[in-house]
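Quick one: the structure is below, questions incoming.
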Amino acid sequence: MAEDLRRALFIFALQNAVRHKSLPKAGAVIGMVMGNHPEFRSRAKEAAVLMDEVLARVADLTPAEREEQLAVLAPELVEELGKPRVHVKALPPLERSENGVVMRFAPNPSGPLHLGHARAAVLNDAYVQRYGGKYILRIEDTDPKRVDPEAYRMVVEDIEWLGLAIHEVVYQSDRFDLYYKYAKDLIERGGAYICTCENEQFRELKQQKTACPCRPLSLEENLALWEKMLAGEFYEGEASVRVRTDLDHPDPAMRDFPAFRILHQPLHPRIEATVYPLMNFSVAVDDHLLGVTHVIRGKDHIANTRRQRYIYDYFGWEIPVYRHYGRMGIEGVVLSTSQMRQGIGSGEFLGWDDIRLGTLRALARRGITPMAVRQAVLDIGIGETDISFSWDNLYAANRDIVDPVANRYFFVPEPIAVLVNGAPHQTAHALLHPNEPARGTRELPFTGSVFLPREELGKDPPLLRLKDLFNCTVTSDHGTYLLSYAGDDLADARNAKAPIIQWLPVDCAVPCLLRKPEGDVAGVCEPGVVRELGSVVQFERAGFARIDDTAGDRILAYFTHR
């Protein structure tokens with residue numbers, strides 16, 4: 001009955017809405033239901049159909065009504081809202097989290113999100129769910145050289161696909177007046193000065209631990225130069241704002257680092273500006289103003305953390321708790337945004353969702369679920385040791401999710417049409433799912449000729465079994481194969497250790513292109529695959545695949561994993 005599933009979806013949708021004070025995402029609710037009720041995992045497609053109705057019911061309720069209904073339907077979940085939520089793969093605790101946390105995920109809109117972004121995004125989300133609080137998506141677009149206008153949309157789409165519980169979205173390009181205000185304040189506090197030295201001259205002085213000629217300027221002179229910068233009276237590279245630090249610091253990168261620069265080209269797609277804040281200044285200001293309590297990021301940002309502490313100290317702000325995790329090596333896919341963009345422009349890649357890339361949309365096109373990405377990231381955790389991303393772990397997590405719901409079909413790669421002598425016409429009845437007989441069967445009529453995989457025939461087996469049909473002897477003559485009926489008994493095939501292979505009737509097989517990262521595989525599949533558009537199926541003995549396109553003269557499928 002659909003009522004039991006509908007009830008579970010409604011309860012967890014209520015809990016999510018009460019927790020986050022907003023209407024939940026369908027994927028997040030389905031994931032919670034499947035995680036808490038394994039018996040529903042085989043009904044994921046039914047759940048997806050019911051979600052529109054469930055979300056509409058929740059949307060019609062006031063916040064108070066949502067809490068009241070949740071208290072009636074699942075009082076234990078109301079109690080859970082007052083407790084920390086801990087993932088099965090428990091992350092280490094965060095200090096100073098007793099009153100909740102405010103976390104931020106801060107991507108640059110230079111392209112879509114990839115697996116590297118997913119680590120920071122999911123870890124932050126997990127801690128917000130664990131301790132309660134607020135999760136901010138901050139689009140860091142203060143460098144026009146690294147802004148792709150299309151990425152604004154793609155980043156938000158990728159966040160929605162991941163199912164993150166974002167409470168607020170902030171664009172740094174909307175906050176330039178704030179950055180200018182705090183820059184002036186920092187100058188007035190003696191924490192920054194305007195530098196008009198040439199870059200090479202400043203670099204040499206810095207290496208010598210020597211102050212540049214601009215460092216001793218008076219407050220009045222600095223403020224006058226700052227106003228000239230804002231008025232556009234400097235050319236690009238003629239002036240910058242530098243944070244006053246320790247010239248004797250052992251790390252040259254810490255010595256009077258830049259906070260603002262002048263750029264005239266390229267033009268920013270969202271604002272008109274020539275004075276741009278650099279990352280360490282805008283991040284420090286925003287983290288303080290947005291109330292960020294904890295910052296989780298890679299250890300390649302440790303130097304930035306040290307720079308930002310100078311800004312915090314000048315203003316007398318409380319410093320967030322920082323956690324820096326180790327590098328995560330990801331082999332087998334392209335992650336460089338510039339390399340991806342160049343490859344797309346040259347035609348090497350088909351787009352941002354080309355399955356040879358490491359973008360989240362490429363994973364989605366293959367049939368990797370956001371829940372599997374989340375699980376793989378949480379398994380890695382937040383340790384400081386450098387690690388390699390495990391594709392096997394990702395595939396295992398995804399297999400647990402898709403295997404119960406994926407219907408089974410035959411796919412014959414590189415097919416050869418072969419006549420079978422002496423075999424009676426009949427219809428094979430193959431289960432749509434071996435563990436779910438109630439789903440029904442696929443009917444495959446045998447009328448004399450079949451498609452078989454070229455590779456299997458090339459092994460010259462004396463006997464083989466057509467799966468769910470019958471046994472055949474095989475003879476070949478200069479690349480021409482002839483099959484002869486050899487009975488129906490499966491035990492005979494097993495005793496002879498005969499291969500059990502996929503087959504399809506010649507007169508009803510559908511052309512199918514299976515796209516893999518290492519190259520395309522042309523073949524044929526069952527007609528029923530046409531009904532699976534957008535779903536992950538299992539091509540028996542070939543692996544899982546997401547059906548991407550059923551229009552035109554062939555089906556296009558993307559290989560997921562075995």
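The values are calculated or read from the model by the stated rules, or taken from the named source; none is laboratory data. The structure presented is a predicted model; accordingly, all values stated were derived computationally and were not measured. Because the Cβ atoms are built from the backbone with ideal geometry, glycine has one as well, and the counts that use them run over all protein chains shown. Accessible surface is based on the protein model in full, side chains and every heavy atom, while ligands, DNA and RNA are left aside. Shrake-Rupley method; radii C 1.70, N 1.55, O 1.52, S 1.80 Å.
Which condition number in (1) open to solvent by less than 50 Å² (accessible area, probe 1.4 Å); (2) touching a residue at least 12 places away in the same chain (Cβ under 8 Å); (3) closer than 26 Å to Pro320 by Cα; (4) in contact with a Lys or Arg (Cβ under 8 Å, 6 or more places away or on another chain) is the one that His249 fails?
So the condition that His249 fails would be (2).
Also, I was wondering about something else. Here are some conditions: (1) part of a helix (DSSP H, G or I); (2) in contact with a Ser or Thr (Cβ under 7 Å, 6 or more places away or on another chain); (3) not hydrophobic (A, V, I, L, M, F, W, C). Lys181 meets all but one. Which one does it not meet?
Of everything listed in (1) part of a helix (DSSP H, G or I); (2) in contact with a Ser or Thr (Cβ under 7 Å, 6 or more places away or on another chain); (3) not hydrophobic (A, V, I, L, M, F, W, C), Lys181 misses just condition (2).
Might you check whether a residue that is under 27 Å from Cys508 (Cβ atoms) and open to solvent by less than 70 Å² (accessible area, probe 1.4 Å) occurs anywhere in region 392-402?
Yes, region 392-402 contains a residue that is under 27 Å from Cys508 (Cβ atoms) and open to solvent by less than 70 Å² (accessible area, probe 1.4 Å).
Looking only at region 105-154, count every residue that is touching a residue at least 12 places away in the same chain (Cβ under 8 Å), open to solvent by 20 Å² or more (accessible area, probe 1.4 Å), more than 14 Å from His268 (Cα to Cα) and not aliphatic (A, V, I, L, M) and tell me the total.
Adding up the residues that qualify gives 9.
Could you check region 429-460 and list, in sequence order, the residues that are within 15 Å of Trp503 (Cβ to Cβ) and in contact with a Ser or Thr (Cβ under 9 Å, 6 or more places away or on another chain)?
Residues satisfying the conditions are His429, Ala430, Glu443, Leu444, Pro445, Phe446, Leu457.
Still on this structure: May I ask you to verify whether Val169 is under 30 Å from Tyr135 (Cα atoms), exposed (fewer than 13 other Cβ atoms within 10 Å of the Cβ) and under 39 Å from the mean Cα position of the chain (by Cα)? Steps first, answer last, please.
Details: under 30 Å from Tyr135 (Cα atoms): yes; exposed (fewer than 13 other Cβ atoms within 10 Å of the Cβ): yes; under 39 Å from the mean Cα position of the chain (by Cα): yes.
The answer is yes for Val169.
Only one residue in Gly367, Gly326 is touching a residue at least 40 places away in the same chain (Cβ under 8 Å), open to solvent by less than 30 Å² (accessible area, probe 1.4 Å) and farther than 29 Å from Val405 by Cβ, so which one is that?
Of Gly367, Gly326, the one residue that is touching a residue at least 40 places away in the same chain (Cβ under 8 Å), open to solvent by less than 30 Å² (accessible area, probe 1.4 Å) and farther than 29 Å from Val405 by Cβ is Gly326.
Across region 12-31, what is the number of residues that are open to solvent by 30 Å² or more (accessible area, probe 1.4 Å) and either under 21 Å from Ala438 (Cβ atoms) or hydrophobic (A, V, I, L, M, F, W, C) (or both)?
Kept after step one, since they are open to solvent by 30 Å² or more (accessible area, probe 1.4 Å), are these residues of region 12-31: 19, 21-23, 25-27.
This time we only want the ones that are either under 21 Å from Ala438 (Cβ atoms) or hydrophobic (A, V, I, L, M, F, W, C) (or both), so: 23, 26.
Residues meeting the conditions: 2.
Does Ile319 count as modelled with pLDDT under 95 and open to solvent by 10 Å² or more (accessible area, probe 1.4 Å)?
no
Take the residues in region 20-51 that are of a type in the set (D, E, K, R) and touching a residue at least 12 places away in the same chain (Cβ under 8 Å), then tell me which one is farthest from Val536 (Cα to Cα).
Lys21
Got a sec? Which of Ile555, Ile501, Ile547 is open to solvent by less than 10 Å² (accessible area, probe 1.4 Å), over 27 Å from the mean Cα position of the chain (by Cα) and hydrophobic (A, V, I, L, M, F, W, C)?
The match here is Ile501.
Something else: Which of the residues belonging to region 33-47 are open to solvent by 30 Å² or more (accessible area, probe 1.4 Å) and either of a type in the set (Lys, Arg) or closer than 22 Å to Leu61 by Cβ (or both)?
Across region 33-47, the qualifying residues are Asn36, Arg41, Arg43, Lys45.
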